[in-house]
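Written below as C-alpha cells is the structure these notes are about.
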Ligand SMILES: [Zn+2]
C-alpha cells in the first residue's frame, strides 16, 4: 500500500499564481486499479485533487500517480498538472515499499 506521506502539498494556482497548502488531513483517497502481471498485481494509485482558489475562484486540478510493482515496491511515480501546479520533487510517499533513491529527493525543511 502506497500513501502520500508529505505533511502538506504546495499548489500554485494556475491562474493567479497564489500559493496554496493542502494539509495531509485533506488529501483525497486514491483510486486503485489492478493489472495482472507475471509477478503478481501491478497497482496503480491515482490521487485526483481539486482545489478552488479563494482569490480568483479558479478550479485547480492535478493528479498524482504511483505504481506498485512487484507488490511491495514503488516502481514509478508521476503527476499531471491540469490547471494547478505542484512540484513533484516535494511529494513523499510511504508504505511497506522500497523508496530507493527517491528517499533522498527533495527536502521538506526549508
Ligand atoms: Zn487563483
**OP:** Would you mind telling me which residue in 43, 64, 22 has the biggest mean-square fluctuation in a Gaussian network model of the chain, where springs connect alpha carbons within a distance under 10 angstrom?
**Re:** 22
Subject >> Candidates 94, 38, 55, ranked by Gaussian network fluctuation over the chain, Cα under 10 Å, top entry >> reply: 38
Subject >> FRET efficiency estimate (nearest 0.05) - Cβ-Cβ, residue 33 to residue 8, R0 25 angstrom >> reply: 0.40
Original post:
What is the fewest-to-most order of 87, 19 by other Cβ atoms lying within 10 Å of their Cβ?
Top reply: 19, 87
**OP:** Round to a whole angstrom and tell me the spacing of the C-alpha centers of segment 11-49 and segment 58-93.
**Re:** 5 Å
Original post:
So how do 35, 65 line up by other beta-carbon neighbours within 10 Å, fewest first?
Top reply: 35, 65
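Order these by the 10 Å Cβ neighbour count, fewest first: 57, 90. Present the calculation step by step, with values, prior to reporting the outcome.
Values: 57 10, 90 15.
Fewest-to-most ranking of 57, 90: 57, 90.
Each reported figure results from applying straightforward, stated rules to the coordinates on display, with no laboratory input. The shown structure was predicted, so the numbers you read here are calculated from the model rather than taken from an experiment. Neighbour counts are summed over all protein chains in view; Cβ atoms, including those assigned to glycine, are modelled from backbone coordinates with ideal geometry.
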